[in-house]
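Here's the structure we're looking at; comments come further down.
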Amino acid sequence: MNRLFTEAGSADIVVERLAECGDPRFREVMESAIRHLHAFVKDVQPTVEEWARAIEFLTATGQMCDDRRQEWVLASDVLGVSMLVETLNNRAEDGSTEATVLGPFHVDGAPQLEFGSNICRDAKGMPCHVSGRVTDVDGVPLPGASVDIWQTNADGYYDVQQPEVQPEMNLRGRFLTDPDGRYAFRTIKPVSYPVPTDGPVGDILSRMGRHAWRPAHIHFIVSKPGYRRLVTHIFAHNDPYIDSDAVFGVKDSLLVEFREHDDDARAHDLGVASPFCTAEFDIRLTRQP
Ligand SMILES: [Fe+2]
């Protein structure tokens, strides 16, 4: 027979109703969720009005989501939970390149481009040449690895945020490493940008006294059969938001110098206009367990 509800036993009483749950993992997850949620409510002691506002926030967050906008991912990101899940699942203990959050702006099916191609299709921003090498954790080159790249334009928006303004697939491309494991592409120097603040997550960010900015970065997904798929970014090491990324994505090992040059001869060799910048980033993939 089920026990009646009491304040002191509230979590136990709800957890006891999981007795018929046939899925052990689901039961484990639900028991933990119920216990933490009850402990949270007992800690905070919300008024009825405050709890109604919490429900309104959850409702508004769901209602903000559509094909192009994922407010729940944003909520998870700004509360540090996306980064925690990523970190728990990708401990780079063997010297492989560290992972960071995927974020909501990756698009499947970016065009596959030749080594060294330019992914900037709106002719804005400072030209930038990015290159490096993909190896295994022992430094053995990995030819034919896929390097999928995306970033914002010089105004700080992804193409999917401005479908009427930016060319389709602006600042996106997929490259294959050459026989020495090398990749290279031309793009623009990345800029810092704010996460979207026109929804309920923007409201809680400002109520917490936090800014919405992410330090300048370029997104990478690097993959090769037999190796663990790496989702990461490279960050401009001297960005003013490097210590206060709104989504906690920065790791020391992912800081890169975007070095500026004013050198017509080198610009010509790299196929860019001067002044321009360069960045190098080597990637080490770990074998699939
Ligand atoms: Fe981003």
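The values are calculated or read from the model by the stated rules, or taken from the named source; none is laboratory data. A quick note: this is a predicted structure, and the numbers were derived from the prediction, not measured. So basically every Cβ, Gly included, is an ideal-geometry build from the backbone, and we count neighbours across all protein chains shown. What goes into the accessible areas is simple: the full protein's heavy atoms, side chains included, and nothing from ligands, DNA or RNA. Shrake-Rupley method; radii C 1.70, N 1.55, O 1.52, S 1.80 Å.
Assorted remarks:
- Matching entry among 186, 266 (being in a strand (DSSP E or B), open to solvent by 20 Å² or more (accessible area, probe 1.4 Å) and of a type outside the set (Ser, Thr, Tyr)): 186
- Residue among 83, 126 that is over 18 Å from the mean Cα position of the chain (by Cα) and either of a type in the set (A, V, I, L, M) or within 16 Å of the ligand (Cβ to nearest atom) (or both): 126
- Among residues of the range 147-168, those that are within 16 Å of the ligand (Cβ to nearest atom) and outside any strand (DSSP E or B), counted: 13
- Verdict on residue 234 being surrounded by 18 or more Cβ atoms within 10 Å (Cβ to Cβ) and within 12 Å of the ligand (Cβ to nearest atom): yes
- Considering the range 209-228, the residues that are open to solvent by 40 Å² or more (accessible area, probe 1.4 Å) and in contact with a Phe, Trp or Tyr (Cβ under 8 Å, 6 or more places away or on another chain) include one that is nearest to the ligand (Cβ to nearest atom), namely 213.
- Just so you know, in the range 144-155 the residues that are touching a Lys or Arg at 6+ places or on another chain (Cβ under 9 Å) and of a type outside the set (A, V, I, L, M) include one that is surrounded by the fewest Cβ atoms within 10 Å (Cβ to Cβ), and it is 144.
- Residue 181 vs. criteria under 18 Å from residue 73 (Cα atoms) and more than 16 Å from the ligand (Cβ to nearest atom): no
- The single residue among 90, 118 that is within 19 Å of the chain's Cα centre (by Cα) and within 21 Å of residue 146 (Cβ to Cβ) turns out to be 90.
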